[in-house]
Amino acid sequence: MAIKSSNTSAIANATGIEWDQWCVKLRAGGADEMTHKEMAELAITGIPAAVENPEWWAQSVAVAYEQHIGRRVPGQAQDGTFQGSVSSTIDADLDTALERWVACVKDRKEFNGNELSEPARTSGSERWRYWRADFSDGTKAQVDIGLKGEKSSVAINITKAETPEQVSEWKSFWRQILAEFKG
């Protein structure tokens, strides 16, 4: 399967704790019998104070450990569904990128063989623009548009897929749409 497992090297680099040491700490703390939330709470107690964004790294440690012990496979969310993403960069500001995205998808009746289960929604903040859609197969997509220097990064996040294969199908579909979008 083409879904990548957690990057334990990145965890070690960010936290200053090697992955095998994390495994020893978590096992000794009873993580094998814990929920994901409890595991993340245990992990955060081992993250040095100097680490930036310790909550995020604690979540990463918990996910990687769940994969390590076989409780979760790569790409699998806590609820058992699967997720993935594709992204690209375009030469546009946030508002222009969102306008182009909406224009690219607004007349579509079908998305990867599925219909929208409700109208797509857009929103934004000072630093981000979003497009969200729910589909008839139960999957969801969120397009996150953020600045990347003078350009915009466009990431399409696929969630609530039933299988890793469904994620792969959606990723292929969204890559085609990104190619049209960048056109």
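Some notes on this structure:
- Residues within the range 28-38 that are closer than 11 Å to E66 by Cα and either in contact with a Pro (Cβ under 9 Å, 6 or more places away or on another chain) or part of a helix (DSSP H, G or I) (or both), tallied: 4
- Scanning the range 111-144 for residues that are under 12 Å from Q166 (Cβ atoms) and of a type in the set (F, W, Y) yields a total of 1.
- Among the residues of the range 96-114, those identified as in contact with a strand residue (DSSP E or B) (Cβ under 7 Å, 6 or more places away or on another chain) and not in a strand (DSSP E or B) are A97, L98, W101, V102.
- Enumeration of residues in the range 143-152 that are open to solvent by 50 Å² or more (accessible area, probe 1.4 Å) and assigned to a strand (DSSP E or B): L147, K148, K151
One line per residue, one yes/no per condition, for (1) within 18 Å of the chain's Cα centre (by Cα); (2) open to solvent by less than 80 Å² (accessible area, probe 1.4 Å); (3) under 30 Å from V61 (Cα atoms):
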{"residue": "T89", "(1), (2), (3)": "yes, yes, yes"}
{"residue": "T96", "(1), (2), (3)": "no, yes, no"}
{"residue": "V105", "(1), (2), (3)": "no, yes, no"}
{"residue": "S117", "(1), (2), (3)": "no, yes, no"}
{"residue": "T122", "(1), (2), (3)": "no, no, no"}
{"residue": "W131", "(1), (2), (3)": "yes, yes, yes"}
{"residue": "T163", "(1), (2), (3)": "yes, yes, yes"}
{"residue": "S168", "(1), (2), (3)": "yes, yes, yes"}
{"residue": "I177", "(1), (2), (3)": "no, yes, no"}
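- Considering residues of the range 65-87 that are open to solvent by 50 Å² or more (accessible area, probe 1.4 Å) and aliphatic (A, V, I, L, M) only, the residue nearest to V24 (Cα to Cα): I69
- Top-ranked residue of the range 38-64 - restricted to ones that are charged (D, E, K, R) and either modelled with pLDDT of 95 or more or within 18 Å of the chain's Cα centre (by Cα) (or both), ranked as least open to solvent (accessible area, probe 1.4 Å): E38
The values are calculated or read from the model by the stated rules, or taken from the named source; none is laboratory data. The model shown is predicted, which means the values in this text are computed figures rather than measured ones. Here the Cβ is made from the backbone with ideal geometry for all residues, glycine too, and neighbour counts use every protein chain on show. The area values use the complete protein model at the heavy-atom level, side chains included, leaving out ligands, DNA and RNA. Shrake-Rupley method; radii C 1.70, N 1.55, O 1.52, S 1.80 Å.
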